[in-house]
1. For region 45-92, name all the residues that are within 24 Å of Glu133 (Cβ to Cβ), among the polar types (S, T, N, Q) and surrounded by fewer than 21 Cβ atoms within 10 Å (Cβ to Cβ).
2. Restricting to region 89-123, give me the number of residues that are in contact with a helix residue (DSSP H, G or I) (Cβ under 6 Å, 6 or more places away or on another chain), of a type outside the set (S, T, N, Q) and more than 19 Å from Leu174 (Cα to Cα).
3. Identify, please: which residue in region 82-104 is at pLDDT 80 or above and of a type in the set (A, V, I, L, M, F, W, C) and is, among those, farthest from the chain's Cα centre (by Cα)?
4. With exposed (fewer than 13 other Cβ atoms within 10 Å of the Cβ) and of a type in the set (Phe, Trp, Tyr) as the only criterion, which of Tyr137, Tyr111 stands out?
5. Please count how many residues of region 61-80 are closer than 13 Å to Arg12 by Cα and modelled with pLDDT of 80 or more.
6. Considering only region 93-106, I want to know if a residue exists there that is surrounded by 15 or more Cβ atoms within 10 Å (Cβ to Cβ) and acidic (Asp, Glu).
Amino acid sequence: MKAILLGGGTMRLIADSALLRCNKPLFLDDASRWCIKVCPAVRISRLGFYIKEKFAARYYDSVSAVGVCIPDEWRARPWEAPEVMMARDNCLIEGSWLTLDERTAETRLDYGAKGLQGSVTLGELAVDKAIAELSRYMTFKTGDILVFADRGLDIAAAEAGGEIKTEINGTECLDFRIK
């Protein structure tokens, strides 16, 4: 399984050891100021290589909100953070996955956390285009995750009050404590 952070016209592979499963606590050191970027994500549902854009919707079936934990100075551009930041243990917090019944460009995702709100369509995320482009260079496997960081909501870890809960279209999908 691989996670791919997309944003700013670039992509960044995230180590599988960086993944923190849903409902596990996130431990942060006191030496740095941290930001949690809550981003929409899709999960790949089948094996595929060199996928044409018109068939890309067949290759994902679920959406979620994913938390990306990064030092505060990289809050606006996590895709430009040093490689070591994106390989750090538990820097990617996975939420529970919500099945998509419909996968069209008009499918809307409304998400929110800590009073912040975001709304995006699959077409605005360019999910199909991203899958088509990336599959030219790598094989997608079941369970791979695409994280759309440029559509994330920024939450300062110090202001999170110890817990972050996120909903997509009214259904809770990400819930974790910060310690």
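1. Ser45, Ser62
2. 2
3. It comes out as Leu100.
4. Criteria check complete, one pass: Tyr137.
5. Residues of region 61-80 that are closer than 13 Å to Arg12 by Cα, as a first pass: 68, 77-80.
Now narrow it down to the ones that are modelled with pLDDT of 80 or more: 68, 77-78, 80.
Here the count works out to 4.
6. yes
The values are calculated or read from the model by the stated rules, or taken from the named source; none is laboratory data. Because the structure is predicted, anything quoted here is derived from the model rather than measured. Note: ideal-geometry Cβ built from the backbone for every residue, glycine included; neighbour counts use all protein chains shown.
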